[in-house]
1. Using the structure shown, decide if Ser13 is within 25 Å of Lys81 (Cβ to Cβ), surrounded by 11 or more Cβ atoms within 10 Å (Cβ to Cβ) and either touching a His at 6+ places or on another chain (Cβ under 8 Å) or hydroxyl-bearing (Ser, Thr, Tyr) (or both).
2. Pairs under 9 Å by beta carbon, first residue at negative phi in region 52-80, partner exposed (fewer than 14 other Cβ atoms within 10 Å of the Cβ) and basic (Lys, Arg), six or more apart or different chains?
3. Go through region 1-15 and report how many residues are hydrophobic (A, V, I, L, M, F, W, C) and either within 19 Å of Asn32 (Cα to Cα) or touching a Cys at 6+ places or on another chain (Cβ under 8 Å) (or both).
4. Which pairs turn up if I take residues in region 86-98 that are under 21 Å from Gln65 (Cβ atoms) and surrounded by 10 or more Cβ atoms within 10 Å (Cβ to Cβ) and look for partners that are among the polar types (S, T, N, Q) and modelled with pLDDT under 95 with beta carbon separation below 6 Å, at least 6 apart in sequence or on another chain?
5. Mind listing whichever residues of region 32-90 are β-branched (Val, Ile, Thr) and more than 19 Å from the chain's Cα centre (by Cα)?
Amino acid sequence: MTIKEVSEKFHISADTLRYYEKIGLIEPVRRNANGIRNYQESDINRIEFLRCMRLSGLSIQMLSQYLELAAEGDQTIHQRKDILLQQREEILAKMRELQETLDHLNHKIDIYDEKLSQKII
């Protein structure tokens, strides 16, 4: 896949993909005879993982640390799991905040619906 195709598939800018490659989050991508990046399945899998982790709120720094630990092998499983557990807790906290906000909005909408229905009748 070309950088444009990968960019469109994952909704990540080409600049971001190049940056990930530059800082080592993605291994150097193979290029065709014309020098155009040709992403392989392993590259795509890594990008999908990176996108998921970034959407979870994991910082570039923590992501780099996680990948460094992964490269060290199974002896770092506990450390990697701790990173993921911590991120999960942050996501759950955000979800609780968003649920509270949604509940508040729904309550206000219900009040307006009630007032509007009273005026129509």
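The values are calculated or read from the model by the stated rules, or taken from the named source; none is laboratory data. Since the model is a prediction, treat every value here as computed from it, not as a measurement. All Cβ positions, even for glycine, are placed from backbone atoms using ideal geometry, and neighbour counts span all protein chains on display.
1. Details: within 25 Å of Lys81 (Cβ to Cβ): no; surrounded by 11 or more Cβ atoms within 10 Å (Cβ to Cβ): yes; either touching a His at 6+ places or on another chain (Cβ under 8 Å) or hydroxyl-bearing (Ser, Thr, Tyr) (or both): yes.
No, not satisfied.
2. Ser56/Arg88
3. Number satisfying all stated conditions: 4.
4. From residues that are under 21 Å from Gln65 (Cβ atoms) and surrounded by 10 or more Cβ atoms within 10 Å (Cβ to Cβ), the pairs are Gln87/Ser56; Ile91/Ser56.
5. Those that are β-branched (Val, Ile, Thr) and more than 19 Å from the chain's Cα centre (by Cα): Ile36, Thr76, Ile77.
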